[in-house]
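One structure is given here, and the rest of the page talks about it.
The values are calculated or read from the model by the stated rules, or taken from the named source; none is laboratory data. Since the structure is predicted, the reported quantities are computational estimates derived from the model, not experimental observations. Glycine gets a Cβ as well: all are built from the backbone with ideal geometry, and neighbour counts include every protein chain shown.
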Amino acid sequence: MTAEQDKQREIDRLRAQIANEYQAIKNDAQGLTGADRHAFVASGMKVLWGYFEELVALVGSHAEAMALVIESFDTTPPTFLQVGPIFLSVACIVSVSLRPDGSVMIENASGYLHNFSGEEASLFLSLFKKHSDEGHLIVES
């Protein structure tokens, strides 16, 4: 993988995390009022600010980073894929390996491995392919 591909993968990961955090703030702040709501939203905004600063470091300008943040809010791709009882955070998928027996091994950012076989492997691959074809995921050959 080239340095530019690494950079783009990191930008995409940060944008997905921004979209996840933004959605969580919107969803979880409902029902909170007054100081509780303010404290919750402020805490979430601190997390978003950290992701923003990482984007600035990657892209080199506050304006370009802010444009990416705003895009993340407007076009939120799927953030999780569900296969059976397993929810996989798309932003945390590090690698996907199709094995000769048709099973699929997914590694997340924590190094945890998920293995799917049979119908679950087929379902994961179809979801993963669908979202990569839509440009939401980067798939390397």
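Search segment 29-50 for residues being in contact with a helix residue (DSSP H, G or I) (Cβ under 6 Å, 6 or more places away or on another chain) and not aliphatic (A, V, I, L, M), and hand back the single one that is farthest from residue 19 (Cα to Cα).
Residues of segment 29-50 that are in contact with a helix residue (DSSP H, G or I) (Cβ under 6 Å, 6 or more places away or on another chain), as a first pass: 29, 32, 37, 40-41, 44, 47-48.
Still in the running and not aliphatic (A, V, I, L, M): 37, 40, 44.
Details: 37: 19, 40: 17, 44: 12 Å.
So the residue we want is 37.
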(message) For segment 102-130, which positions are in a loop (DSSP other than H, G, I, E, B) and surrounded by 14 or more Cβ atoms within 10 Å (Cβ to Cβ)?
(response) 103
(request) Test residue 24 against the stated conditions and say whether it is assigned to a helix (DSSP H, G or I) and surrounded by fewer than 13 Cβ atoms within 10 Å (Cβ to Cβ). (result) no
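Could you please find all residues in segment 27-63 being under 27 Å from residue 5 (Cβ atoms) and not in a helix (DSSP H, G or I)? Can you show your working first?
Initially, segment 27-63 is screened for residues under 27 Å from residue 5 (Cβ atoms), giving 47-63.
Within segment 27-63, 60, 61 meet the criteria.
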(request) Can you tell me which residue within segment 89-110, out of those that are aliphatic (A, V, I, L, M) and modelled with pLDDT under 75, is nearest to residue 123 (Cα to Cα)? (result) 90
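Let's see how each residue does on (1) in contact (Cβ under 8 Å) with a residue 40 or more places away in the chain; (2) not hydrophobic (A, V, I, L, M, F, W, C):
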| site | (1), (2) |
| --- | --- |
| 11 | yes, no |
| 17 | yes, yes |
| 36 | no, yes |
| 40 | no, no |
| 48 | no, no |
